[in-house]
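*Asks:* Okay, here's the structure, questions in a sec.
The values are calculated or read from the model by the stated rules, or taken from the named source; none is laboratory data. Everything quoted here is computed from the prediction, not taken from an experiment. Cβ: placed from backbone, ideal geometry, glycine included. Neighbour counts: every protein chain shown. Areas reflect the complete protein model, heavy atoms only, side chains present, ligands, DNA and RNA absent. Shrake-Rupley method; radii C 1.70, N 1.55, O 1.52, S 1.80 Å.
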Amino acid sequence: MGLGAERAVLTGVWFDETELGAACIDRGGKISYTLSGKLPGFYHGTGDIYASVLCGALMNGRSLPQAIDMAVEFTRRSIERTYLAKTDERFGGNFEQGLGQLAAQLGY
């Protein structure tokens, strides 16, 4: 086993203006992507939301691809709730209303 990380996750990945998400690369160079529909705006705290869901999913036995999928979708839904409610972007994404569904996904 060599030095360094076995895998790395990069957020804020996009190929066009309609989708945004994350990429994972492993030591062998295999890259996988999870993208979701992009909404307008820049919401404070979404990186923290993403990282929290990613870590929580990993700590609850999900594979890295599963954890990335969960984190991207949870973050997007948090932004979507905020966008649809017309809440000021500076207040961040509305993650609170999705916590129950996330807990259920994780088996709680």
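*Asks:* In the range 26-36, which residues are at pLDDT below 95, in contact with a Lys or Arg (Cβ under 8 Å, 6 or more places away or on another chain) and either open to solvent by 70 Å² or more (accessible area, probe 1.4 Å) or closer than 19 Å to Phe95 by Cα (or both)?
*Replies:* Matches in the range 26-36: Arg27 only.
*Asks:* OK, next. Can you name the residue in the range 53-108 that is in contact with a Ser or Thr (Cβ under 6 Å, 6 or more places away or on another chain) and outside any helix (DSSP H, G or I) and is also farthest from Val9 (Cα to Cα) among such residues?
*Replies:* Asn94
*Asks:* Does any residue of the range 39-47 turn out to be among the β-branched types (Val, Ile, Thr) and surrounded by 15 or more Cβ atoms within 10 Å (Cβ to Cβ)?
*Replies:* Yes, there is a match, as at least one residue in the range 39-47 is among the β-branched types (Val, Ile, Thr) and surrounded by 15 or more Cβ atoms within 10 Å (Cβ to Cβ).
*Asks:* Take the residues in the range 77-108 that are buried (at least 22 other Cβ atoms within 10 Å of the Cβ) and not hydrophobic (A, V, I, L, M, F, W, C); name whichever of them is nearest to Gly37 (Cα to Cα).
*Replies:* Among those that are buried (at least 22 other Cβ atoms within 10 Å of the Cβ) and not hydrophobic (A, V, I, L, M, F, W, C), it is Ser78.
*Asks:* Of all residues in the range 15-25 being surrounded by 12 or more Cβ atoms within 10 Å (Cβ to Cβ) and not aliphatic (A, V, I, L, M), which is nearest to the chain's Cα centre (by Cα)?
*Replies:* Ranking the qualifying residues of the range 15-25, first place goes to Gly21.
*Asks:* Checking Tyr50 against (1) of a type in the set (Phe, Trp, Tyr); (2) open to solvent by 50 Å² or more (accessible area, probe 1.4 Å); (3) in contact with a helix residue (DSSP H, G or I) (Cβ under 7 Å, 6 or more places away or on another chain), which test does it fail?
*Replies:* Single failed check for Tyr50: (2).
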